[in-house]
Structures are given as structure tokens and as C-alpha cells.
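J.: Pasting in a structure now, in C-alpha cells, and then I'll have a few things to ask.
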Number of protein chains: 2
Amino acid sequence: MQTKYNTVKQAIKSQILAGAYEPNQKISSENELMKEFSVSRHTVRVAIGELVNEGWLYREQGSGTFCTDRSIQESRNQQSKKSIAIITTYISDYIFPSIIRGAESYLSENGYQVNLYSTNNDIENEKRILESILSQQTDGVIIEPTKSAFTNPNINYYFNLERTNIPYIMINAFYDELEPICLIMDDEKGGFIQTEHLIKHGHKNIVGFFKTDDIQGIKRMKGYIKAHRKYQIPINPKNIISYYSEEKRTKPKDELEILLSAQTDVPTGLVCYNDELALLLLDVLRDKNLKVPNDISIVGYDDSFLAEASEVKLTTVKHPKNKMGEAAAELIVDLVQKNNQNNKDNKEYETIIYDPELVIRKSTKKISDDET
Amino acid sequence: MQTKYNTVKQAIKSQILAGAYEPNQKISSENELMKEFSVSRHTVRVAIGELVNEGWLYREQGSGTFCTDRSIQESRNQQSKKSIAIITTYISDYIFPSIIRGAESYLSENGYQVNLYSTNNDIENEKRILESILSQQTDGVIIEPTKSAFTNPNINYYFNLERTNIPYIMINAFYDELEPICLIMDDEKGGFIQTEHLIKHGHKNIVGFFKTDDIQGIKRMKGYIKAHRKYQIPINPKNIISYYSEEKRTKPKDELEILLSAQTDVPTGLVCYNDELALLLLDVLRDKNLKVPNDISIVGYDDSFLAEASEVKLTTVKHPKNKMGEAAAELIVDLVQKNNQNNKDNKEYETIIYDPELVIRKSTKKISDDET
DNA sequence: TCCGATTTGTTCGTATGTATG
DNA sequence: GCATACATACGAACAAATCGG
């Protein structure tokens, strides 16, 4: 695979998939490519030759080499079954299965096949997967964006999906630059009601834990702040703890321990990015011999089955999960069909925003007045 | 048209069309063709290259160039990406994600695509899925059998997979009639060590909960019985509770409550089909105000993250999960490649049986002697 | 219409690497 | 180990088509 011509070939293919060329645009001449890659003309020709054979390029003697226009894919939808790609950030034990379950059942009932990919929270993998989707016949894509809080270097691939007429929708989060159709929660409101619930129960010293490489975490943090503002409770900066995916097993726990060890200003309430984190923090509280909810209240997020796995059933925010998976499947099927029928009806497909709801269980309690 | 390489190309093609070569017969070497047509080797290579591209010939390094057997009009494996189907019984929040995670990462690294299907524990769905796989181009199948304890009416489809040369392997369980290659745990031993652990801690009144529509449950039950036999502890038939998937949320809990309400012979140890069930039963114990492990010991199965989610960390049996997923992926890729190369080497692919190991945590304890 | 620069197409020679039998 | 066959790579030359001036 590490032959020179293959290197050149992959590099050119990558550029095409990244949308570096318009359809029918001329690519660099053989001479330029020779210099660019420091290889002989022969090598360049072999590389281009294969790409021509695979239908990515075409050559015109005396004129140049050009990018094929893949939007006029006549031969695409033949007898082969339709397939939808689902790209997730991580195949977690957590809310992911619920979403997939909803999507899979709808899609398979409607004669679609599910292709599953995981980026493992790595932008490079996302790129690889998008390349693979673009170079195959995929009819639609449901994607959970990787590191959605940051600028995404793969945006070109998304534009290329649009150009190639492959519809895609985003779930849970979205890249700001794209303004795609997406299915999300109102995460800001979610963070707000988590915090408001505690405030209304008399808590004033509330620690918030937020994963800030995803846009969800940032929005929930915003909600946390807004709730404090609304009820005119000052925020102690030490009470906002942000962490990245890689740190999720250590940083929040460590930071909580530090806060609990303080002599003054010991927190009475915890707002967690999700239930998974809440359970981790419960371990810390147990070690410190703090009783939930008597000594300290804790609010989770997602209403996953974890919320009911522990001894103290968690107060948490409801995540649509199944419903979201199914709605995503429905939406993408609609888009694919519209696409095929060339229906230019102006039926507008719009982003669905789910309203968060608090599920009150046993992990939160009105604060007793004799608290500091 | 009268380029030299075209002349050579047409000449060779004519010979093929005239039936000068048997299928898979070797044609003249490049060197011979050079002399025959008085052209350079490069020219010969260009001519042959086009014929290979058009599917008339295929080359084998070190061996020669051969005539394609066009009778086996396999339109299957063209440039299209290879795909592996993973069929699961249910997209659960439980150990399934770990298995998929292992499999997906290996497969995608090796350029395979994952098609995900779920039978939802329904034989009819399994049939539908197998039909879909057979009618498409799928290169291999990893399947977790549905209702493996019962006779499967879809066996013909599995035989058909074999006939169509689509390799498949089974994980977690298998249909007895098929004797397929599979990746399983030694579930009988698993049930044995669960029970033995309790027996060695002095427990004599041990309740076993087993899901008996899967072969795993039946084997674990067998292990439970064997352990009793070995240590010559009589089994109270009331202490074996079997249930089906549909009943998992109610029957075991109800039965446990009945057993705990009894005046005599109150159980001191619980052997659970899996961690998920163990957590459900913990709720019952909590309601009854029984402390784990002081009043009662409980053993889970699978060593899932649930084992560490609760307040009492579960003693449980280790399930390979990730490793199993990855091994399954490796195995199926091997089989697919063997298949493609028509390698009839007698490298035997064999069933892998994982040895269960007990992970001892806090949910089990030596029984105090003053127990009835 | 022709010229010349550019670009792809065809052909040859040569060398080295790697797999097969 | 050896000869044979295909695979990759470089260099050079000329042909044929295109395009702007």
C-alpha cells in the first residue's frame, strides 16, 4: 500500500472527496503533480490512470485531467438496497444504544440497511469515514458530530455530501458553521432546569460539572449560569468545573474531592453533565460518608437506565433517546425519498428541538435551614 | 485505434473470444508477448492492463497472467467496499455495545464496513434479515443467535449462507443443529464458579435465576446444579428460577420476594443470570431492608459497568466483551479472505471458548455461623 | 490560419523489488 | 538457491490534441 503511485492516488482522491474541486474542474497537470510529489511522470500517470478507471477523473488529451461530476450519478440507485450510515462519536454503553435502537427498527422496517461507524471522538476518523461514505453508494447519513464545540476541519466533506446529493442530519449536536437539519435537545434549558430545581429547593452553593468539548456541555453550562442570574445567586467560579472527554474518569472526581475538603463553602448541590458522571460522583460522596439527598443533592442528565441503577434513584433530565433515533430515521428516509423523486416541493424540513423535562426522583431534597 | 498497445490488446482479446484459452489458463508471459508482437514490455503491460481492467484477464505476481473464467459471472466483489453484517438479538444498553465496539474498530481499520441488524429476539425478524443478507452482497456475518435454546426454523438460511460461500460465525451462543464456528464462553463453568464461590463461603441456601430461552442461561443453570452436586449440597427445586426474556423485569423480582417472605429456609445467596438482573434484585433486597453482603450475598455475571454502578460493587463473572468482538471481527475477516483467495489450505478455523473468571468485589461474604 | 506553449498519449529502455514454483 | 513472472519506478523521446495570441 505504500507504493508511490498509491500515495499520489490517495492524496488526489482525498482532495476530490474533500471537495477541493468543482465538478469538471481541471486538476493539476501531470508535470505539476510530478513536482508536487517529487515522482516521475510515469508514477503520476499510473495514479491518475487508476482514478480514471474508478471513475473519479477523466482525461482529455491536449487539455488536461478533470474531476468527474458525481452528482449525475445515474447508475446509483439500482437494485441494491438503500443504506443509511449512522456515525456516532463512541459506541458507548450509555444513551447510544437507545438511539440506535430507535433508528434501526424504523429503518429496517422500511427496507433500509444500517451502516454503523464510530469516530471514537477523533476528527481524523471522522474524515476517513466521510471519505468512505462519499466513495460508496450511501443514501443518507445520520451523524452525531465529534467534538462539536470546536471548529471542524472536515466541513468540506459535509459540503461535498450536499453537492453529491447525499442528505445528512445531525443529532445531539451540530457544527455551527453548517446550519444543518438536526435533532437536538434544548440543552441550555436542560442545564437551566437542573439548576433551577436545586435553587428552588434552597440550594445556593451548587457545583456544575460540564463536558466542554461538546456543544451540549457548553449549552448546559450556559443554562446553569442563567439560572443563577435569574434567581440572583452569585456564582463562585470554583463551582464551575469543565472537563474534556478524555478527562471524564478523573478530573470531575478529583475536583469534587477538593471542593468537599474545603473548610467553608461546602457545596450542597451538584449539577452533572450526565447520569454517568453523577454515578461516578456518587462514589466520591459515599467515600466521604455524605448521604444523598440528606447531606447533598445531585441532579443527573439523560434519564438513562443508570439513573435507576444506583441505590439512590437519580433526579435527572429526560432525554428523548429512542424517540430521537426514530425521528432521525424518519427524517432521513423522507429526505432520501424526496431526493429520489426529484421533488422540488418546498416542503421544508426543519430542525427538531426537544424540550427537556425534569424527572424527579430521590437524589434531591429541600435544604434544611441550618445549613451554612 | 492503431496504437501498438491497442493492436496487442485486440489480438489477445480475439484469442480469448475465439476460445483459445480455457478459463484460468495461463496466457503467454509478458516477455513472450514482447517478442511475439515486437514491442516493448511496457506496451504489452498497457495492453494487458486494459484487459485486466475490463475483466478479461487477471494477473498473479510470480505466476503469470490468466484468462478470467467468465462463466462465474460474479458481479459481486468489484471495487465496492467489503461489508460484514452483525446481527444481534437486541441493541441493549448492556454488554452489546462493548462487543460491537471491539468488532467495529477492528473491521473499520481493515477497510470493512459494518452493517448492523437487530432481531429483537424475534425469529421472524431473523428470517427477514437473513433473506436480506443473502440477496445482497455481504461478505461475512457475525451473528448472535436469537432464542438459541430452541430449535431454529431458519436453519435453511444458514445452510444457504454456506452454499453461497458467505462465511458466518456465532457469538455468545449457537444453534446446536449447525455446529458453526463460534465464540462463546464456557457458560456452564461460569454458572459453576458463581455457585461454587458462594458454597465455599458457607452458603447452602442459594437461589439461582436463569434466563432459559438462551442456551447461555441453560448452561449456567447446569453449572449451578453441578456445583451443588460436587459439594453435596441438596438443591431445593424452589431455588431454581427460570424466566424468559419477556419476563425479565417482573418474574425474578416477584419470585425473590416470595422466597424472602418465607418463614423458613430463607436464602442467603443469589446467583444471577447477569449483572442487570442482579441490580434489579438489589432493589428488592433494599426494600426488604436486607444488607448486602451482610444479610445476603449476590453474584452477577458479565462484569459489565453495571457491576460498578451500584453502591455495593458486584462480585461477578468476567465476560470478554471487547475482546470477543474483536476476535469475532478478526476471525470473520480471515474467513472472508480465505474465501476470496480460494485458498483451500486446510488451516482449520475453530470455535473459541473463553474461560470464565470470577471478579470478587463487595457483594459476597462468608456466612456467619449462627445462620439457619 | 498558423504558431508555439502546454497537456495528455504512446513507446522505448532500464533498473530494482517481490512473489512463485 | 535459482529462474521466471509480474510490480514499481525513473528517464527520455516523440505524437497528438488543445488553446490563447
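J.: Roughly how tilted is helix A:4-17, in degrees to the nearest 10 and between 0 and 90, from the longest Cα axis of chain A?
T.: So the inclination is approximately 70 degrees.
J.: Per residue of the stretch B:143-155, in order, report the coupling 6.51 cos²θ - 1.76 cosθ + 1.60 (Karplus, θ = phi - 60°) as ³J(HN,Hα) in whole Hz, putting x for Gly and Pro.
T.: Using θ = phi - 60°, the values come out as 10, 9, x, 8, 6, 5, 7, 9, 5, 9, x, 9, 4 Hz.
J.: Sorted by packing (mean other beta-carbon atoms within 10 Å per residue), highest first, where do B:145-151, B:95-101, A:140-146, B:354-360 land?
T.: So the peptides B:145-151, B:95-101, A:140-146, B:354-360, ranked by packing, come out A:140-146, B:95-101, B:145-151, B:354-360.
J.: While we're on this one: If eta is 0.890 mPa s and T is 25 °C, what Stokes-Einstein diffusion coefficient results for the stretch B:4-151, Kirkwood Rh from Cα pairs, in µm²/s?
T.: Approximately 129 µm²/s, per Stokes-Einstein.
J.: Quick check on packing: order B:194-205, B:249-260 by the mean number of other C-beta atoms within 10 Å, highest mean leading.
T.: B:194-205, B:249-260
J.: How far is B:GLU109 from the same spot in each other copy, in nm, shortest first, if each label point sits 7 Å from Cα toward Cβ?
T.: The answer, with the shortest distance listed first, is 3.8 nm.
J.: First measure r as the distance between the Cβ atoms of A:GLU357 and B:ASP122, then evaluate 1/(1 + (r/R0)^6) with R0 = 30 Å and state the FRET efficiency to the nearest 0.05.
T.: Once the sixth-power term is evaluated, E becomes 0.40.
J.: Taking R0 as 60 Å, what FRET efficiency do you get between B:ARG249 and A:SER40 from their Cβ-Cβ distance, rounded to the nearest 0.05?
T.: 0.30
J.: Now, a different point. Quick one: which of A:LYS230/A:LYS365; A:LYS226/A:LYS251; B:LYS251/B:LYS291; A:LYS147/B:LYS318; A:LYS230/A:LYS318; B:LYS211/B:LYS288 span more than 26 angstrom between C-alpha atoms?
T.: As for pairs spanning more than 26 Å Cα to Cα, those are A:LYS147/B:LYS318.
J.: Under the Karplus relation 6.51 cos²θ - 1.76 cosθ + 1.60, θ = phi - 60°, what is the ordered set of whole-Hz ³J(HN,Hα) values for the stretch B:220-227, x standing for Gly and Pro?
T.: Calculated HN-Hα couplings, in order: 5, 5, 4, x, 4, 5, 4, 4 Hz.
J.: Taking one equal scatterer on every alpha-carbon of the protein assembly as shown, how large is log10 of I(q)/I(0) by Debye at q = 0.06, 0.08, 0.09, 0.10 1/Å?
T.: -0.47, -0.78, -0.95, -1.11
J.: Follow-up. Would you calculate the separation in nanometres between label points at B:LYS4 and A:GLU308, each defined as 7 Å from the Cα along the Cα-to-beta-carbon direction?
T.: Taking the simple label geometry, B:LYS4 and A:GLU308 are separated by 7.9 nm.
J.: For each of A:ILE27, A:ILE233, count neighbouring Cβ atoms within 10 Å of the residue's Cβ, then give the residues from fewest to most.
T.: Ascending Cβ contact count within 10 Å gives the list A:ILE233, A:ILE27.
J.: Also: Using Cα pairs under 8 angstrom and six or more residues apart, how large is the relative contact order of the stretch A:4-68, in percent?
T.: Relative contact order here is 41 percent.
J.: Next up: Mind checking the log10 I(q)/I(0) for the stretch B:4-68 at q = 0.18, 0.21, 0.26, 0.27 Å⁻¹? Debye, one equal scatterer per Cα, no solvent, two decimals.
T.: Log10 of I(q)/I(0), two decimals: -0.56, -0.78, -1.24, -1.34.
J.: Between A:LYS82 and residues 5 or more places away or on another chain, which pairs have amide H atoms under 5 Å apart, with H built 1.01 Å from N, and which residues are they?
T.: A:GLN113
J.: So, one more: For the stretch B:163-195 and the stretch A:41-70, what is the separation of their Cα centres, given in Å?
T.: Computed from Cα coordinates, the inter-centre distance equals 49 Å.
J.: Could you work out the equivalent-ellipsoid semi-axes for chain B, taking the square root of 5 times each eigenvalue of the Cα gyration tensor, largest first, in whole Å?
T.: Gyration-tensor ellipsoid for chain B: 60, 18, 16 Å.
J.: May I pose another question? Taking Cα atoms, how many degrees apart are the long axis of helix A:187-200 and the longest axis of chain A, rounded to 10 and kept between 0 and 90?
T.: 0
J.: Per residue of A:305-316, what is the mean number of Cβ atoms on other protein chains within 10 angstrom of that residue's Cβ?
T.: For this peptide, the per-residue mean of nearby foreign Cβ atoms is 3.
J.: Among the DSSP beta bridges whose two residues both lie in chain A, what percent are antiparallel, rounded to the nearest 5?
T.: Around 20 percent antiparallel, to the nearest 5.
J.: Here's another thing I want to ask about it. Quick one: label points 7 angstrom along Cα→Cβ at A:ARG286, distances to the other copies in nm, smallest first?
T.: 1.0
J.: Treating the angle as unsigned and between 0 and 90°, give the value, to the nearest 10°, between the Cα long axis of helix A:275-287 and the longest Cα principal axis of chain A.
T.: Its long axis makes an angle of about 40 degrees.
J.: Turning to a different aspect of this structure: Could you grab the relative contact order for chain B? Cα pairs under 8 Å, six or more apart, rounded to a whole percent.
T.: The normalised contact order for chain B reaches 16 percent.
J.: What are the residues whose amide H is under 5 Å from the amide H of B:ASN274, where those residues sit 5 or more places off or on another chain and H is modelled from the backbone?
T.: When sequence neighbours closer than 5 places are left aside, the close amide H contacts are B:TYR301.
J.: Counting other C-beta atoms within 10 Å, which of B:SER297, A:SER29 has the fewest, and how do the rest follow?
T.: In increasing order of surrounding Cβ atoms, one gets A:SER29, B:SER297.
J.: As a check on your grasp of the helix formula, calculate [θ] at 222 nm for chain A: sum -39500 (n - 2.57) over DSSP H runs of n ≥ 4, divide by the residue count, round to the nearest 500.
T.: After summing the helix terms and dividing by the residues of chain A, the value is -12000 deg cm²/dmol.
J.: A further question on this structure: So what J values fall out for the stretch B:316-326 if you push phi through Karplus, 6.51 cos²θ - 1.76 cosθ + 1.60 with θ = phi - 60°, rounded to Hz, Gly and Pro as x?
T.: Result, rounded to whole Hz: 7, 9, 6, 10, x, 6, 2, 4, 5, x, 5.
J.: While we're on this one: Tell me the distances, shortest first, between B:ARG41 and the same position across the other copies, using label points 7 Å along Cα→Cβ, in nm to one decimal.
T.: 2.2
J.: Could you calculate the contour length gain from B:ASN110 to B:SER63, that is, 0.36 nm times the residue separation minus the distance between their Cα atoms, to one decimal place in nm?
T.: Fully extending the segment from B:ASN110 to B:SER63 adds 14.2 nm.
J.: Once you put a point 7 Å from the Cα of B:LEU290 and another 7 Å from the Cα of B:SER261, both along the Cβ direction, what distance in nm separates them?
T.: 1.4
Values in this text are rule-based calculations from the coordinates and carry no lab data. If you're wondering where the values come from, they're calculated on a predicted model, not measured in any experiment. A quick note on method: Cβ atoms are made from the backbone with ideal geometry, for glycine too, and the neighbour counts reach across all protein chains shown.
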